[in-house]
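Below is one structure; the comments refer to it alone.
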Amino acid sequence: MSLFFWILFPTSIMVIALIYYVLRNATKPKKNIILGVTLPFEGRNSAEVAELCRKFKRWLNIICASLVIVSLGSLFFAERFSLILTYLMAVVFLSIFLPYIPYIKYNKKLRALKREKNWINPAAGKLMVDTKLITENNIDSRFFGFKWFSAPLLISIAALIYGYFLDLDSSTWGVLILLWMNLGIILMFTALSVFIFRQRPEIIDRDTALSAALTRIRRHFWNRSWILMTYSTALWSVAIALFPSQMTFIVSTFAYAAILLVVAIYSEMKIRSLQYKLTENSGSDAYVDEDDYWIWGLLYYNPNDTRVVKNERIGMGMTINLAKPAGKFQMALAALAILLIPFTCVWMIMEDYTPKSVSVSDETVIAHHLRDEYVIKLDDVTEAELVETLPSNVRVVGIGLDNSSKGLFNFTGYGDAETFINPKVPPFIYLETAEKNYMIGTDSADETKEIFEEIKVNVE
Amino acid sequence: MLLELDFSSDTPIYLQIRNQIVKGIASGELEADERLPTVRGLAEQSGINMMTVSKAYQVLKNEGYIKTDRRSGAIVAAAAADGSQHKGLGERERNALEVIIAEAKIQGISREAFLTECGEIYDKEVIK
């Protein structure tokens, strides 16, 4: 099975697992909220609520187990990158939406139960402001300070400077772009850490100490996450700069992504656990109830709130206020990005499986595939070689799929070459001109050999 | 103390802030010389317009419930908190009471019932 299968398949399983955990965890009361509905203390412990949660979990189990089984279907495409990617993207797509169907259903049922039992908090829909919390600085959490971010920033800058001393070839430029990008990421993380720190404190009920503790916890975990992520980014830059090879890039990227993921998941799980424990006894007196502003308990819509970005009610995430034009725009962008995925997959399959066409006519070699075309005048060709085995290569710019390599590649022993081949079907035709080199081929070995013979005659 | 602000209410937000702080002083939740958030702090942390918060504080200051200082912000006036501000009902309070009494009479509530209810509310607000 290809390497990509072992990357994509566990990734899709992880997405399913994460969504499963988040939604199942929503049945545990945190800050008086279950399945996106705020309930008083007696409501959270009632038999009816427990029954609704049980039914929801049953449906969640069925859907997520089915998604895991469906994702196993990717085994049939284990050697074909574009097909695996398309299949598993479809699974991920379904994983993002399907489990939320029972969530929304039981959110509505719980809200109906809340109305039926008259568990409506008199303060529901009102803005709660704890003056003590704001005044006495009970939150007592300090922004870690820019000094924590200065070290990774300096490391990243040093790696970037070092990168300019590397031998400049086509692959080095990719390294430099990455180093610049990482520097930008560190600056962005630093700015975001300040932004997050300044978010409003979390008010749960009249207990100022509880509200202060939850706010402190949230800020602490965010601070820690930002710092870990900036250091990870800096170390990633060092690895890429010191060992600029494809293997280093793959291994270090994996390690970086893994660190970010572990930090994010650990922090989220820890915060949820603390929110659960600390708010176990809340909900007997006045408590915050913003259900009216949360569509299905998921989407925040509050025209009275001046903020575009707000804390999620549970966990440490942030969400967007859809009542604001900027919020609507951001949501539209996110939706567009998700909807582009199927189009991208279709495009990739077309790239991979549409036959290539190479022909020689009027002393010109024309290589054509979908919207790409290379036109090479035989008069310009100084050397032509039939390459029986594809040399090891690095993609500089272009597409590298199972059946299609197009763009600029760097071949061992040959250097950079504009490439237009099916890497699975040797031989390949290597052409040198004054301006560029080319590596071309068709989907048929015989056809490639015929074309080479034609080219050779003209070149001689 | 916890302010509960209702954006769908007919009562303007600045008045809601003012009324709840007054209730907080009356109930003892806000004590003499207790600090309140600064105008900017309250506005930033609640999302309420700064002008609205400023107006509420101005009204409270004019009525003698709080004192404000540019550096230290707002504090509950000692005279307001310890009940020594016994000047009798002002004209505004009398006018408001007249409307409430008129509505009670229209609804057929007797004088005794009205006074009993007033007593219950009074006892709820004042705990010292």
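Most simply put, the protein assembly as shown has about 95% antiparallel DSSP beta bridges, counting only bridges with both residues inside it. Inter-label distance, A:ASP285 to B:LYS23: 1.4 nm, where each label sits 7 Å from its Cα along the C-beta direction. Computed from backbone phi, the HN-Hα couplings of the range A:230-243 come to 5, 5, 4, 5, 5, 5, 4, 4, 4, 4, 5, 6, 6, 10 Hz, rounded to whole numbers (Karplus: 6.51 cos²θ - 1.76 cosθ + 1.60, θ = phi - 60°; Gly and Pro given as x). Think of each Lys and Arg Cβ as +1 and each Asp and Glu Cβ as -1; about the Cα centre, that makes the dipole of chain A roughly 4160 debye. Karplus-derived 3J(HN,Hα) values for the range A:181-186, using 6.51 cos²θ - 1.76 cosθ + 1.60 with θ = phi - 60°, are 4, 5, 4, x, 5, 5 Hz; glycine and proline are entered as x. With 20 Å² as the minimum drop in accessible area between chain alone and full protein complex (1.4 Å probe), the qualifying residues in the range B:1-24 are B:MET1, B:LEU2, B:LEU3, B:GLU4, B:LEU5, B:ASP6, B:PHE7. For chain A, the solvent-accessible area of protein heavy atoms averages 49 Å² per residue (probe radius 1.4 Å; ligands and nucleic acids excluded).
Computed in the context of the full set of protein chains, the accessible area of chain A at 1.4 Å probe radius has 65% of its extent on carbon or sulfur. Whole-Hz Karplus values for the range A:262-277 come out as 5, 4, 5, 5, 4, 4, 4, 5, 5, 5, 4, 4, 5, 4, 5, 5 Hz, taken residue by residue from phi with 6.51 cos²θ - 1.76 cosθ + 1.60 and θ = phi - 60°; glycine and proline positions read x. Around A:GLU432, under 14 Å between beta carbons, what's the net of Lys plus Arg minus Asp minus Glu among the other residues? Taking every Cβ under 14 Å from that of A:GLU432, the sum is -4. Net charge of the neighbourhood of A:TYR266, taken over other residues with C-beta under 14 Å away and scored Lys/Arg +1, Asp/Glu -1, is +2.
Checking the cross-link pairs A:LYS55/A:LYS328; A:LYS31/A:LYS270; A:LYS132/B:LYS124 against a 25 Å limit on the alpha carbon distance flags A:LYS55/A:LYS328 as lying beyond it. When chain A is described by a simple charge dipole with +1 on each Lys and Arg Cβ and -1 on each Asp and Glu Cβ, the residue from A:VAL346, A:SER237, A:ASN32 located farthest towards its positive end is A:ASN32.
Here the ratio of the Cα radius of gyration of the protein assembly as shown to 2.2 N^0.38 Å is 1.35. Spread over its residues, the convex hull of the C-alpha atoms of the range B:1-86 is 90 Å³ per residue. Among the residues of the range B:38-53, those with an accessible-area drop of 30 Å² or more from chain alone to full protein complex, heavy atoms and 1.4 Å probe, are B:GLN45, B:SER46, B:GLY47. Listed by chain and number, the aspartates and glutamates placed with their C-alpha closer than 20 angstrom to that of A:LYS324 are A:GLU290, A:ASP291, A:ASP292, A:ASP305, A:GLU312, B:ASP6, B:GLU44; residues fewer than eight positions away on the same chain are left out.
Between A:LEU242 and A:TRP180, the contour length at 0.36 nm per residue exceeds the Cα-Cα span by 20.8 nm. Between chain B and chain A, roughly 1900 Å² of accessible surface gets buried, counting both sides and using a 1.4 Å probe.
Counting only protein heavy atoms and a 1.4 Å probe, tell me what percentage of the range B:88-128's accessible area is made up of carbon and sulfur. Here it works out to 59 percent.
The values are calculated or read from the model by the stated rules, or taken from the named source; none is laboratory data. Worth saying up front: this structure is predicted, and the values here are computed from it rather than measured. Heads up, the Cβs are rebuilt from the backbone with ideal geometry, glycines too, and the neighbour counts pull from every protein chain shown. Accessible surface is based on the protein model in full, side chains and every heavy atom, while ligands, DNA and RNA are left aside. Shrake-Rupley method; radii C 1.70, N 1.55, O 1.52, S 1.80 Å.
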